[in-house]
Amino acid sequence: MDKSKRFFLKSKRSFRRRLPPIQSGDRIDYRNMSLISRFISEQGKILSRRVNRLTLKQQRLITIAIKQARILSLLPFLNNDKQFERGESTVRTIGLRNRNK
């Protein structure tokens with residue numbers, strides 16, 4: 001086989017098939033915190049389906065379970081590890097208001 005035809009052949013790469021993140025026995029429920037916490041980012045956002053490698057039905061069920069857990073205060077709406085300092089911005093705006101008068 002000459003070199004010009006080698007480029008058109010598909011390479012046979014071996015790849016490891018990833019296991020699905022949700023097993024068949026796992027129950028998607030708002031009380032199953034160990035399962036739900038795997039699908040939330042560090043900021044507390046729900047990760048996308050592409051990142052999670054879930055089916056559409058599984059992603060919908062996970063989203064509903066996360067929202068139910070947030071409403072029942074089992075999960076925070078936002079992760080408060082980063083505390084934003086709002087005190088400085090309010091002081092600046094109050095100072096600007098006083099100068100204009």
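The numbers here are math on the coordinates, done by the rules we state, and not lab data. Just so you know, these numbers come straight off a predicted model, no measurement behind them. Note: ideal-geometry Cβ built from the backbone for every residue, glycine included; neighbour counts use all protein chains shown.
The table below lists the values:
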quantity: Distance (nanometres) between label positions extended 7 Å along Cα→Cβ at K57 and S37; calculated: 2.8
quantity: Built amide H within the under 5 Å cut-off of N79, gap 5+; calculated: G44
quantity: ³J(HN,Hα), Karplus 6.51/-1.76/1.60, whole Hz, each residue of the stretch 40-50, x for Gly, Pro; calculated: 10, 6, 5, 7, x, 8, 7, 6, 6, 5, 5
quantity: In sequence order, calculated HN-Hα J values of the stretch 26-37 (Karplus, 6.51, -1.76, 1.60; Hz; x Gly/Pro); calculated: 6, 9, 7, 8, 5, 7, 7, 5, 5, 6, 5, 5
